[in-house]
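The structure under discussion appears below in the form of structure tokens.
Quick note: the coordinates plus some simple rules give every number you see, no bench work behind them. This one's a predicted model, so the numbers in the text were calculated from it and none came from an experiment. Positions of Cβ are generated from backbone atoms using ideal geometry, with glycine treated the same way; all protein chains shown enter the neighbour counts.
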Amino acid sequence: MNDAWEALAALLRRSQRVLLFSGAGISTESGIPDFRGPNGVWTRFDPSEFHIDRFLAGEASRRRYWQRTTAFYQEIVKARPNAAHAAVVALERLGKLASVVTQNVDGLHQLAGTAPEKVVELHGTHRFVSCLSCGHTHPRAEFQARVTPEGVAPDCERCGGPMKPATISFGQTLKPEVLAHAQTEAERCDLFLVVGSSLVVYPAANLPVVAARRGAALAIVNLEETPLDGYAQLVLRAPAGEALSGAVALLAADVPRSAAPRPS
Ligand code: NAD
């Protein structure tokens, strides 16, 4: 695959502001299943189980929601960043990374060492819980310890409202300020690099279009076809870890040690 890694390295080489747009596929090599891939969550569960209406449909329904989200959270906390997350950190150290806009809710980019201020979490995070009534936010780990095996979760300590993982569930709208931040990053980047996303979830999937309209190059690393493949300068049908670490290693080999920006 050396030619493929070199093609991606060449795009990275001529870019100064890379926006890394990640989806669930970047974390499958960490052991977290994606939604729509061949072994995705949707092969086992009905997506409507995760709709906000289920959460709001009464006590019994909310308990089932908490039981399911607890199972997913346990997969997330045992996962460790993989070679693809590490390559994104290396890209940042090479001075190329403007931002990471992620649809993921696993916090693995930050755990790998990407600067938290560079990460835009479009769909929120499982690492926190927040109150649906007043917005009070609390770290998940401490809260999760108080959720019973039957799925009974404590109410908000501030207002008594229902606490939910701080993710955007089906049926919830994205936070306008978070979406606006992602759009600004898309408008400013010169390379929009998609990694592990089916590009079918909106409004996230519109961001590559925003970037391309402003003249950015589009590259897609994904195991399966996406609806935007025809618009991309480069499509690599390859595992994220291999593709990113292969390309970033080639890029790093260009930079004399003394000239590389020091990690902050
Ligand atoms: P998706 O499940 O729709 O698509 C994932 C894509 O990644 C698939 O096309 C699959 O072929 C590809 N893929 C899987 N493993 C790969 C690998 N190793 N290398 C390269 N490509 C790989 O995911 P999406 O587009 O992010 O869909 C959106 C929703 O999924 C988001 O809302 C996100 O919140 C949610 N999600 C997140 C996580 C997570 O945080 N890790 C996990 C599951 C779902």
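Residue by residue through the range 110-115, what is 3J(HN,Hα) from phi via Karplus (6.51 cos²θ - 1.76 cosθ + 1.60, θ = phi - 60°)? Round to whole Hz and write x for glycine and proline.
5, 5, 5, x, 5, 4
Starting from the Cα coordinates of the chain, work out the convex hull volume and express it per residue in Å³.
125
Work out the FRET efficiency for Arg13 and Val200 from their Cβ-Cβ distance, taking R0 = 30 Å, and round it to the nearest 0.05.
Once rounded, the FRET efficiency stands at 0.50.
Tell me what the chain gives for mean residue ellipticity at 222 nm when only DSSP H runs of n ≥ 4 count, each as -39,500 (n - 2.57), the sum divided by the residue total, rounded to 500 deg cm²/dmol.
That comes out to -10500 deg cm²/dmol.
Which FRET efficiency, nearest 0.05, do Glu6 and Leu174 yield, Cβ-Cβ r, R0 30 Å?
0.25
Can you give the Rg/Rh ratio of the range 1-156, where Rg is from the C-alpha atoms and Rh is the Kirkwood radius?
Rounded to two decimals, Rg/Rh equals 1.03.
Percent relative contact order of the range 1-136, based on C-alpha pairs within less than 8 angstrom and at least six residues apart?
Reported relative contact order: 27 percent.
Check Leu236: other-chain or 5+ apart residues with amide H under 5 Å from its amide H, H built from backbone geometry?
Ile220, Val221, Asn222
To one decimal place, what orientation-averaged projected area in nm² is obtained for the convex hull of the Cα set of the range 180-244?
Its average projected convex-hull area is 4.1 nm².
Hey, can you list the DSSP H helices of the chain whose Cα span along the axis is 20 Å or longer and whose average Kyte-Doolittle score is at least -1.0?
Those that pass (Cα extent of 20 Å or more, hydropathy at least -1.0) are 240-254.
So for the pair Ala252, Ala115, with labels modelled 7 Å out along Cα→Cβ, what separation do we get in nm?
Those two pseudo-labels are separated by 1.9 nm.
Cα-based count: Lys pairs in the chain below 27 Å, eight or more positions apart or different chains?
Close lysine pairs found across the chain: 6.
What list of ³J(HN,Hα) values in whole Hz, one per residue of the range 221-228 in order, does the Karplus curve 6.51 cos²θ - 1.76 cosθ + 1.60 (θ = phi - 60°) give from phi, with Gly and Pro shown as x?
10, 7, 5, 10, 4, 10, x, 9
So what J values fall out for the range 154-168 if you push phi through Karplus, 6.51 cos²θ - 1.76 cosθ + 1.60 with θ = phi - 60°, rounded to Hz, Gly and Pro as x?
Once θ is set to phi - 60°, the couplings for the range 154-168 become x, 7, 4, 6, 8, 10, x, x, x, 8, 9, x, 7, 10, 8 Hz.
Which percent, nearest 5, of DSSP beta bridges in the chain are antiparallel?
For the chain, the DSSP antiparallel bridge percentage is about 25.
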